[in-house]
Amino acid sequence: MRSTSEDLDAARRINASVLPAVRGVMTRNQGAIMAKAALQLLGVLPHRTMRPPLVEADGDEVALLRADLAEAGLLT
């Protein structure tokens, strides 16, 4: 059985590894816009089109998001 301290260490490692993805989705533009762009980059969605009044992420935002997802180990 794992100890609580081992669980905490594992949780901290996981948290640190996904922080770049969180930054990319939550700080570059609205979360919904960037989440949809991330899902498109990951191949889950065929496009990142949003319904008005929201607009899809632009090329620069997607490039930064791609780098953030790669840093988090979610894209190669």
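Given the criterion hydrophobic (A, V, I, L, M, F, W, C) and either farther than 22 Å from T76 by Cα or touching a Pro at 6+ places or on another chain (Cβ under 6 Å) (or both), identify the matching residue among A11, A57, A21, A16.
On the way: A57 fails: either farther than 22 Å from T76 by Cα or touching a Pro at 6+ places or on another chain (Cβ under 6 Å) (or both); A21 fails: either farther than 22 Å from T76 by Cα or touching a Pro at 6+ places or on another chain (Cβ under 6 Å) (or both); A16 fails: either farther than 22 Å from T76 by Cα or touching a Pro at 6+ places or on another chain (Cβ under 6 Å) (or both).
Sole residue among the options that is hydrophobic (A, V, I, L, M, F, W, C) and either farther than 22 Å from T76 by Cα or touching a Pro at 6+ places or on another chain (Cβ under 6 Å) (or both): A11.
Across segment 1-46, what is the total count of residues that are hydrophobic (A, V, I, L, M, F, W, C), within 9 Å of the chain's Cα centre (by Cα) and open to solvent by 50 Å² or more (accessible area, probe 1.4 Å)?
Selection size over segment 1-46: 5.
Just one of (1) open to solvent by 80 Å² or more (accessible area, probe 1.4 Å); (2) in a loop (DSSP other than H, G, I, E, B) trips up T49, so point out which.
Looking at each condition in turn, T49 falls short on (1).
Does segment 54-76 include one or more residues that are in a helix (DSSP H, G or I), of a type in the set (V, I, T) and open to solvent by 80 Å² or more (accessible area, probe 1.4 Å)? It would help to see each step written out before you state the result.
Within segment 54-76, the first condition is being in a helix (DSSP H, G or I), and the residues that meet it are 59-71.
Restricting the remaining residues to those that are of a type in the set (V, I, T) gives 62.
Now narrow it down to the ones that are open to solvent by 80 Å² or more (accessible area, probe 1.4 Å): none.
No: zero hits.
The values are calculated or read from the model by the stated rules, or taken from the named source; none is laboratory data. The structure presented is a predicted model; accordingly, all values stated were derived computationally and were not measured. When we count neighbours, we look across all protein chains shown, and the Cβ atoms used for this are built from the backbone with ideal geometry, even at glycine. Keep in mind that these areas ignore ligands, DNA and RNA; they rest on the heavy atoms of the full protein, side chains included. Shrake-Rupley method; radii C 1.70, N 1.55, O 1.52, S 1.80 Å.
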